[in-house]
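A short reminder: the numbers here are calculations on the coordinates, not readings from a lab. Quick caveat, the model's predicted, so the values are computed rather than measured. FYI the Cβ positions are ideal-geometry reconstructions off the backbone, even for glycines, and counts take in every protein chain you see.
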C-alpha cells in the first residue's frame, strides 16, 4: 500500500491534535488520513465505533496516529464529555473539522418535523456544540483553527430544503464565530464541497442513481470532484499558510454555482478535462469510487 500523496510538506501538523467528526467514511475519512500523514494525531468522532476503528487501523497501518470516540454530536452533554476526554488525554486541541452531517432526498412538502429537526441537528446544531466546546475547553487559551463543512447550497437546494437551510445557517455561524473568536487567536472557516464522488453517494436510494450520475454534466469542469481535492482545501484552512484567513468559505465545486440556465453550455470537453490545471487530483491511496458513479448498485 502506497502512502497518502499530499501536496503539503511532511510534518506540517507535527505535534498537533486535530478532531475530525464523521471521520468513519467519505470526506472525513480522507481528511483524517491526510492530516495523519502530515504528522497530526487525529481524533475521529462518529456514532459507529466499527467504522471509526477501521479508519484508525488504516491510519496506524500507514504509519500515522489516530484515536477515536463514539459520540452523537446532536447531544449537547455528550459533546461536552467527549471534548473533555480529548483534552484530558492530549492536553490540547489544535484543530476541528466539523464534517459530520447528513440528509435525505425529499420535497419540502413531504418533510415532517422529526426529519427536519434531525437534519438541522446533524448539520448545524451538532457542529455548533463541537465548535463551542473545543473553543471553551481548549482553544480559548491556546488558539486554534476550525473548518466547518457545508455544501453547494448557493441559491437553493431543491429536494433538500432541510439541509440547505442548515448549511446556510452554518455559513452564518462560521462568519459570526470568526468575528467573536478572532481575539483569542481562533480562526473559523468553511469548505463547501460540490458534487464529490464520495462514499456518501451510495447511501441514497437506488432510484436516485441515474440522477446522481448525471450531475457531473452540469459542472463547468465536466466531472465529479474527488475526496482528496476536498481534503486539500480543508487541510489548507487548518494550516499556517491560511493564518490571515478567517470567516471565509472555499468552494470545491468545479464552478457549479456559476452555471445558470440560459447562459449556454460552458462545460469542459473530455480532452480539456485532462489538462494539468483542472485534471482530477486523487492523493488518497485508499480511495475507491462510489458504486453509484460506476453504474453499480450499492449494497
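How big is Rg to Rh over the range 81-157, alpha-carbon atoms, Rh as the Kirkwood inverse-mean-distance radius?
1.09
Quote the FRET efficiency, to the nearest 0.05, computed for residue 89 versus residue 265 with a Förster distance R0 of 45 Å and r equal to the Cβ-Cβ distance.
It comes to 0.25.
In nanometres, what is the gap between the two model label sites at residue 182 and residue 276, each 7 Å from Cα along Cα-to-Cβ?
3.7
Could you work out which residue, out of 165, 233, 89, moves most in a Gaussian network model of the chain, that is, has the largest mean-square fluctuation with Cα springs under 10 Å?
Residue with maximal mean-square fluctuation among 165, 233, 89: 89.
If you build the convex hull over the alpha carbons only and average its shadow over all orientations, what do you get for the range 113-204? Give it in nm² to one decimal.
6.8
Considering only C-alpha atoms, what is the centroid distance from the range 264-290 to the range 22-81, in Å?
If we compute the Cα centre of each part, the gap is 28 Å.
Taking R0 as 35 Å, what's the FRET efficiency between residue 77 and residue 168 from their Cβ-Cβ distance, rounded to 0.05?
Efficiency, from the Cβ-Cβ distance: 0.80.
May I ask you to order 6-12, 269-275 by the average number of other C-beta atoms within 10 Å around their residues, highest value first?
Per-residue mean Cβ counts within 10 Å order the peptides as 6-12, 269-275.
So what's the Cα pair-distance distribution over the chain, bin width 10 Å, in %?
6, 28, 37, 22, 6, 0
Of the beta bridges DSSP finds with both residues in the range 140-260, what % are antiparallel, to the nearest 5?
DSSP beta bridges in the range 140-260 are roughly 0 percent antiparallel.
Given the convex hull over the Cα atoms of the range 1-156, what projected area results after averaging over all orientations, in nm²?
10.5
Can you sort 291, 112, 51 so the residue with the fewest Cβ neighbours within 10 Å comes first?
Ascending number of Cβ neighbours within 10 Å: 112, 291, 51.
Who wins for biggest fluctuation among 39, 15, 113 in a Gaussian network model of the chain, springs between alpha carbons below 10 Å?
Between 39, 15, 113, it is 113 that shows the largest mean-square fluctuation.
Suppose we keep just the DSSP beta bridges with both residues in the chain; what percent of those would be antiparallel, to 5?
0
Just rank 152, 253, 276, 81, fewest to most, by other beta-carbon atoms within 10 angstrom.
276, 81, 152, 253
Cut-off 10 angstrom, C-alpha nodes, Gaussian network model of the chain. Which of 114, 140, 48 fluctuates the most?
114
For n ≥ 4 DSSP H runs only, could you compute -39500 (n - 2.57) per run for the chain, divide by its residues and tell me the 222 nm figure to the nearest 500?
My calculation for the chain gives -10000 deg cm²/dmol from helical runs alone.
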